[in-house]
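Trainee: Quick one: the structure is below, questions incoming.
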Amino acid sequence: MMDEDRQGQLLEHLPIVVRNHISDILSVSFHRHIGLRLSAIDAADHAVIVTFLTSEKTITPAGTLHGGITNALLDAACAIATCTTIQCDGIVPATLTSSFQMLGTVKGTGHVITIQAAVTGRTRRFAFARATASAGGRILAEAVLTKVMTTAVL
């Protein structure tokens, strides 16, 4: 409950459209299952920090952090950062292109993985974002994504 309260406090000052988009991303069942948490948001700079804890759900049979999960959460962090640029209801960011580089890993459970993401450019229709995932001050992965603004699919 404390995490949800903290996330609510981070979102409460944002416009309702932005708040709703970010809440929708955080409530995706996969994100909830992994334990993705919003830790910080700077709407003016279109930047966010999200975290998750390595667990049995996020490691490979070899006991290392799963690269696919890391990449999916880098994408989610970029989507959250992109939401800070949306000014009208009914528009959602969708991934158009993505590039992920795995640079390292952690072994075992209990590691806090921190993902920092920011929008680096925005046009009317596209957002360009970068993200890094790190643990203990060591960068584990980087991502560069292009998001296209599209109408919400109901």
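Trainee: Quickly run through segment 43-57 and pick out the residues that are open to solvent by 40 Å² or more (accessible area, probe 1.4 Å) and within 21 Å of S98 (Cβ to Cβ).
Mentor: Within segment 43-57, H46, I49 meet the criteria.
Trainee: Taking only pairs six or more apart or across chains, which ones have beta-carbon atoms under 8 Å, a first residue in segment 77-100 that is at positive phi, and a second residue that is open to solvent by 20 Å² or more (accessible area, probe 1.4 Å) and not aliphatic (A, V, I, L, M)?
Mentor: Pairs that qualify, where the first residue is at positive phi and the partner is open to solvent by 20 Å² or more (accessible area, probe 1.4 Å) and not aliphatic (A, V, I, L, M), are G90/T151.
Trainee: Here's something else I'd like to know. Restricting to segment 29-48, name every residue that is among the β-branched types (V, I, T) and closer than 12 Å to I80 by Cα.
Mentor: I41, V48
Trainee: While we're on this one: Suppose we filter segment 58-77 for residues that are open to solvent by 30 Å² or more (accessible area, probe 1.4 Å) and either part of a strand (DSSP E or B) or of a type in the set (S, T, N, Q) (or both); how many remain?
Mentor: So the answer is 4.
Trainee: Which members of segment 108-141 meet the condition of being open to solvent by 80 Å² or more (accessible area, probe 1.4 Å) and closer than 17 Å to A44 by Cβ?
Mentor: Q116, T120, R122
Trainee: Which condition does S55 not pass, out of (1) in contact with a helix residue (DSSP H, G or I) (Cβ under 6 Å, 6 or more places away or on another chain); (2) not in a strand (DSSP E or B), if it passes all the others?
Mentor: (1)
Trainee: Here is a further query. Do we have any residue at all in segment 90-101 that's surrounded by 16 or more Cβ atoms within 10 Å (Cβ to Cβ), modelled with pLDDT of 95 or more and either of a type in the set (F, W, Y) or within 20 Å of V17 (Cα to Cα) (or both)?
Mentor: Checked against the condition, which is being surrounded by 16 or more Cβ atoms within 10 Å (Cβ to Cβ), modelled with pLDDT of 95 or more and either of a type in the set (F, W, Y) or within 20 Å of V17 (Cα to Cα) (or both), segment 90-101 yields at least one hit.
The values are calculated or read from the model by the stated rules, or taken from the named source; none is laboratory data. Here the structure is a predicted model, which is why all the values come from computation and not from measurement. Because the Cβ atoms are built from the backbone with ideal geometry, glycine has one as well, and the counts that use them run over all protein chains shown. Heavy atoms of the whole protein, side chains included, go into the accessibility calculation; ligands, DNA and RNA do not. Shrake-Rupley method; radii C 1.70, N 1.55, O 1.52, S 1.80 Å.
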